[in-house]
Amino acid sequence: MKASELMVKCLENEGIEYIFGVPGEENADFIMSLEESEKIKFILTRHEQGAAFMAEIYGRLTGNPAACLGTLGPGATNLITGVADANMDRAPMLVLTGQGSTLRLHKESHQIMDVVDMFKPVTKWATSIYNAVTIPEVIRKAVRLSRTEKPGAVHIELSEDIAKHQVDAEPLEPRRFRRSVADDKIADQAFALISKARKPVIIAGNGTIRRRAAKQLRLMCEKTGIGVLSTFMAKGAVDMDADYCLYTIGLGSKDYPTLAIDDADLVITLGFDMVEYHPRLWNPHKNKTILHADFLPAEIDEYYHPELELVGDLAHTIWMLNERLTTHGVPDYELSQQAETRRLMQNELAEHANDDTSGSIRPQKMLWDARKVMGPEDIVLSDVGAHKMWIARHYHCHEPNTCLIPNGFCSMGFALPGAIAASLVLPQQRILGISGDAGFLMNVQEMETAKRLNTNLVMLVWEDHAYGLIAWKQESEFGRHTKLSFDNPDWMQLASAFGWHGHHVEQSSQFADTLEAAFREQGPSLVVAPVDYRENMALTRRLGEMTEPCPVAS
């Protein structure tokens, strides 16, 4: 068979379900071979970046890689932002690019650049296929690496001439391995630390949204009552309704949840990725006793110097601690500050539940209503902008992986293509993407993809006619902001042009009903709401006054 046919068979053998992308001349043989596949669906996108975001969300929701595809040169460079986002957010992904003939790679030639070297900084592994007979090994290694903790992106380049080579080879059988586990003696020492503490708190990171890890974390908290602070990407690791849920950390300012860290004498980090929330923000004096449990050893950092590290499969690590709690009993903890932290945040979340404003709607109100409209298993995807900070603080979850926020690489333009992928993976769930007007227009062309696939999703655009997060940051630091405003299209005409349903809502009392109506429509729907971003600086001022743990009610 041709090398391109062998590559497709290897991908089928690995259980790859989707390839998202834009074909080109140099991967024509691969695309023709892919067309014959009965197992892999090729989703034609309108930009390679959209394809990468779609593959990322598939990976985050399933734990298995999908592929994104581009040709050489500009097709490959268009992929790179989405690939970097997936890699830093720990999503398994395969990145497939074409390349010119090996007969011209050594010299100046049309569209030729070193794509493999370009992808190395943003992937776990990047390689070119130099000999067709190695394809089974390359694909097997790529899938294994992409899935191995911590997951990420792997890039494979196939030159146009090698794709045509005849080859006599067969796919390698996928064989899984059990992840290594933490040492028993270290687990004993960790349990001793937890037993000695009086006010322990847990920071749950990206690693805890794996289903098995979340289950064990909840069991630990049910036993001990220890409160859990979730990073942006760990939402739903514990149920928002549980007494031990202390909501989300990650804002640059001190907030009610961080007061629980101030009060703690032991910080237990589980699956924590430093890219989300730098420890200097929650351990500024470098004096916190830290217990690190993760798939990998801790990153070296002066503000994050753990007393002890439990390195290995995270679910198994938490299980080991739970077994010791069952055998030796639960220590007597003093967690009144954590209870007060939860009460204060609950009051914040409900403060604007009954808003009745016209002309613009507060972020808090839109998120309160969105939570009411969305079921426990439904999916919210946040783009990047000021709205992301509000979603992180005010939208909370019952289940893991039901609020997807890019918070490692933080790429704008994520939500619309991500929502398309989510609707393919979970067609029975409600899918809500939330974007600012800036982020939405960065990948607006994927509205056509959503309509062509007849996906059932709702995109909510918070309109402020500006790069709102940059304005917020500049005003916080400098007392003013630079020129950041822009004009927008007529949103309803835009929706109509792409064949979407469209809704514009300015009355806060009508917001929930509008969102509900959008979800009842067949096909994609656009909901646009002017957002009251005066709340940005109001929040900054309020959090800026928060310096000490709040007094605990007697």
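The values are calculated or read from the model by the stated rules, or taken from the named source; none is laboratory data. Worth saying up front: this structure is predicted, and the values here are computed from it rather than measured. Cβ sites come from the backbone with ideal geometry, for glycine too, and all protein chains shown count toward neighbours.
Cβ-Cβ below 8 Å, separation at least six or inter-chain, first residue in the stretch 26-39 and farther than 19 Å from Met113 by Cβ, second aromatic (Phe, Trp, Tyr): which pairs? Pairs that qualify, where the first residue is farther than 19 Å from Met113 by Cβ and the partner is aromatic (Phe, Trp, Tyr), are Ile31/Phe42; Leu34/Phe42; Glu35/Phe42.
Only one of the numbered conditions (1) among the hydroxyl-bearing types (Ser, Thr, Tyr); (2) touching a residue at least 40 places away in the same chain (Cβ under 8 Å); (3) under 30 Å from Ala293 (Cβ atoms) is violated by Ser159, and that is (3). In the stretch 209-228, of all residues being under 21 Å from the mean Cα position of the chain (by Cα) and small (Gly, Ala, Ser), the one that is nearest to His398 (Cα to Cα) corresponds to Ala214.
Filtered by the rule that a residue be among the hydroxyl-bearing types (Ser, Thr, Tyr) and within 17 Å of Cys403 (Cα to Cα), the stretch 236-281 gives Tyr247, Thr248.
Under 16 Å from Leu291 (Cα atoms) and not basic (Lys, Arg): does that describe Ala237? In short, no. Against the condition farther than 20 Å from Leu381 by Cβ and in contact (Cβ under 8 Å) with a residue 60 or more places away in the chain, how does Ser525 come out, does it pass? No, not satisfied. Of all the listed residues (Leu308, Leu381, Leu325, Leu335), the sole one being buried (at least 21 other Cβ atoms within 10 Å of the Cβ) and in the same structural domain as Ser195 (by TED's automatic domain parsing) is Leu335. The residues on offer are Pro151, Pro200, and the sole one that is in contact with a Pro (Cβ under 6 Å, 6 or more places away or on another chain) and either over 26 Å from Gly15 (Cβ atoms) or buried (at least 21 other Cβ atoms within 10 Å of the Cβ) (or both) is Pro151. Restricting the search to the stretch 3-47, which residues are assigned to a loop (DSSP other than H, G, I, E, B) and either of a type in the set (Gly, Ala, Ser) or closer than 23 Å to Val133 by Cα (or both)? Hits for the stretch 3-47 are Glu14, Gly15, Ile16, Gly24, Glu36, Ser37, Lys39, Ile40.
Out of the residues in the stretch 519-545 that are in contact with a His (Cβ under 6 Å, 6 or more places away or on another chain) and either among the β-branched types (Val, Ile, Thr) or crowded, with 17+ Cβ neighbours inside 10 Å (or both), which is farthest from Met374 (Cα to Cα)? Looking at residues that are in contact with a His (Cβ under 6 Å, 6 or more places away or on another chain) and either among the β-branched types (Val, Ile, Thr) or crowded, with 17+ Cβ neighbours inside 10 Å (or both), I get Val528. Within the stretch 313-322, restricting attention to residues that are of a type outside the set (A, V, I, L, M, F, W, C) and over 16 Å from Glu222 (Cα atoms), the residue that is surrounded by the most Cβ atoms within 10 Å (Cβ to Cβ) is Thr317.
State which residue is farthest from the chain's Cα centre (by Cα) when the search covers only the stretch 1-31 and only residues that are modelled with pLDDT under 95 and surrounded by fewer than 17 Cβ atoms within 10 Å (Cβ to Cβ). Among those that are modelled with pLDDT under 95 and surrounded by fewer than 17 Cβ atoms within 10 Å (Cβ to Cβ), it is Met1.
Test Ala214 against the stated conditions and say whether it is assigned by TED's automatic domain parsing to the domain that holds Arg324 and either crowded, with 16+ Cβ neighbours inside 10 Å or among the aliphatic types (A, V, I, L, M) (or both). Yes, satisfied. Do we find a residue being more than 13 Å from Leu460 (Cα to Cα), touching a Cys at 6+ places or on another chain (Cβ under 9 Å), in a loop (DSSP other than H, G, I, E, B) and not assigned by TED's automatic domain parsing to the domain that holds Arg46 anywhere in the stretch 385-392? No; the residues of the stretch 385-392 include none that is more than 13 Å from Leu460 (Cα to Cα), touching a Cys at 6+ places or on another chain (Cβ under 9 Å), in a loop (DSSP other than H, G, I, E, B) and not assigned by TED's automatic domain parsing to the domain that holds Arg46. Taking every residue in the stretch 207-233 that is touching a residue at least 24 places away in the same chain (Cβ under 8 Å) and at positive phi and pairing it with any residue that is surrounded by 19 or more Cβ atoms within 10 Å (Cβ to Cβ) and assigned to a helix (DSSP H, G or I), at least 6 positions away or on another chain, the pairs with Cβ-Cβ distances below 9 Å are Gly225/Gln338.
If you go through the stretch 56-81 and keep only what is closer than 14 Å to Phe119 by Cβ, assigned to a helix (DSSP H, G or I) and not β-branched (Val, Ile, Thr), you end up with Gly75, Ala76, Asn78, Leu79.
Can you name the residue in the stretch 85-114 that is part of a loop (DSSP other than H, G, I, E, B) and among the hydroxyl-bearing types (Ser, Thr, Tyr) and, of all such residues, is surrounded by the fewest Cβ atoms within 10 Å (Cβ to Cβ)?
Among those that are part of a loop (DSSP other than H, G, I, E, B) and among the hydroxyl-bearing types (Ser, Thr, Tyr), it is Ser109.
Listed here are the residues, each with its yes/no results for (1) under 23 Å from the mean Cα position of the chain (by Cα); (2) more than 22 Å from Arg218 (Cα to Cα).
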site: Lys286; (1), (2): no, yes
site: Pro297; (1), (2): yes, yes
site: Thr327; (1), (2): no, no
site: Met345; (1), (2): no, no
site: His352; (1), (2): no, yes
site: Pro363; (1), (2): yes, yes
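Taking the stretch 65-76 as the range and being crowded, with 17+ Cβ neighbours inside 10 Å and of a type outside the set (A, V, I, L, M) as the test, the residues that pass are Pro65, Cys68, Gly70, Thr71, Gly73, Gly75.
Mind checking whether some residue in the stretch 448-463 is touching a Lys or Arg at 6+ places or on another chain (Cβ under 7 Å) and on the phi < 0 side of the Ramachandran plot? Checked against the condition, which is being touching a Lys or Arg at 6+ places or on another chain (Cβ under 7 Å) and on the phi < 0 side of the Ramachandran plot, the stretch 448-463 yields at least one hit. Taking the criterion of being outside any strand (DSSP E or B) and either of a type in the set (S, T, N, Q) or under 21 Å from the mean Cα position of the chain (by Cα) (or both), the residues of the stretch 125-138 that qualify are Asn131, Thr134.
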